[in-house]
Each structure stands twice: as C-alpha cells, then as structure tokens.
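Structure, as structure tokens:
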C-alpha cells in the first residue's frame with residue numbers, strides 16, 4: 001500500500017516515462033506525492049518511436065502548465081536498449097500485422113520488456129538516490145502481458161531490493177484501474193487541463209500515427225492501444241467524471 005503523501009515528503013522517485021497516457025498519469029501521481037521526480041525513457045527500436053519526441057513535449061507542457069509541480073520535476077534520462085529490439089520478433093518492433101498468437105498473447109508482447117526496464121531503472125535510481133520506481137503497468141484494461149501483472153511486479157520489487165541491498169519500492173498506481181478510471185485519476189490530479197494535455201501531447205498508438213486527431217488524442221484508431229484508449233475515454237465522459 002502506498003504511504004500517505006506526507007510520508008513521501010523526502011523521497012525521490014524515478015518514473016518510467018514513455019510519453020503515453022498511462023505514464024503521464026503516473027508522472028502526475030508521483031509529482032503529487034514525492035519530493036523530487038525524475039523520468040526515464042527507453043529507445044528499444046519500437047515501431048512507435050514517435051513517443052520519444054512526445055515525452056519531451058509532455059514534460060515541457062507539464063512544467064509550463066503546472067508550476068507547483070515544476071520545481072519537483074528533475075532530470076530526464078533516455079537509455080538505448082536497441083538490443084531488445086534486435087532479439088525481439090514482435091509487431092511492436094517490426095512492421096507486421098498485429099494479431100493474436102497461439103499462446104493467447106498478442107504479437108505486440110515484447111518478452112522481458114518490463115523486467116528489463118525496471119532492472120535498468122533500479123540501477124539508475126540507485127545512482128540517483130531514488131528509492132521509488134513508478135510504472136504504468138496495469139492488469140485491468142490490458143493485453144494480457146504477463147510482465148504487467150501485480151504478482152510479477154511484487155516479485156521483482158523483492159529481487160531488486162535484495163540485489164541492490166537497499167529498499168527499492170515499485171509503485172504501480174494504475175494496476176487495478178480501468179482505462180476510464182485512469183482518465184478520472186488524471187482529472188483528479190490536474191483537472192481538465194491535465195487531460196487536455198494528455199489528449200494533445202501524449203502518444204499511445206502502436207503504429208506511431210500522429211496524423212489522425214480524435215477526441216481522445218492522436219492515433220490510427222484501430223490498433224489495440226488506440227481502441228483501449230478510445231473506449232476508456234468514452235466511458236470516462238459517460239460517467240460524468242469529466243464534469
């Protein structure tokens with residue numbers, strides 16, 4: 001369980017920040033709780049590499065529009081994990097059709113991705129004096145990725161803390177939220193201004209499409225990531241939480 005905000009007043013967090021809706025909600029969540037927050041992105045040869053540009057735009061917009069968070073928002077880091085793309089055979093790292101596989105997982109699943117991300121993040125956090133890793137993993141509205149499950153992340157938290165010989169907390173504030181509830185969370189944290197920022201600047205589309213603008217943001221509108229984001233946005237608006 002996450003300690004109350006006042007208990008985190010001296011802690012430093014590192015947010016795994018892709019520039020998408022979920023990681024932006026997590027960044028706002030962390031800025032609302034921790035004394036200092038840094039961000040970390042990964043270049044692993046992803047097909048939707050445009051997200052690497054969007055993440056910088058999101059950070060700049062958050063600094064400009066939320067001055068009470070600006071002082072807490074520290075350095076950004078980008079790690080080259082191109083080796084992951086080289087050893088992966090997925091629709092997220094190659095130009096191929098998105099489809100379900102015989103094992104029941106979509107071929108957008110990059111094996112070991114979150115395990116590697118958090119391991120590298122923990123290494124950086126250790127050097128930067130951060131004791132909290134924040135990620136947007138979720139097992140409610142998701143594609144069934146096994147490395148997004150709560151048990152996976154809890155186990156990894158134990159392994160990282162033991163391996164570093166220092167407590168390393170892995171926080172996943174979206175773990176049990178639907179996508180509609182994620183929209184509601186960002187509205188709670190930053191109001192309509194934050195959700196407007198998410199619509200305009202974040203990127204989710206697996207195909208890297210920034211040419212089509214929808215009510216929920218930019219994307220092809222047909223890939224699983226776009227469909228999930230669009231459905232969540234519709235449900236959020238229908239719930240009246242946006243009012």
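Here the residues 127, 33, 11, ranked from fewest to most Cβ neighbours within 10 Å of their Cβ, fall in the order 127, 11, 33. With neighbours defined as other Cβ atoms within 10 Å of a residue's Cβ, the residues 179, 154, 12 order from fewest to most as 154, 12, 179.
Coordinate-derived values only; no laboratory data. Every value quoted in this text rests on a predicted model; they were computed, and no experiment measured them. Every residue, glycine as well, gets a Cβ built from its backbone with ideal geometry; the counts of neighbours run over all protein chains shown.
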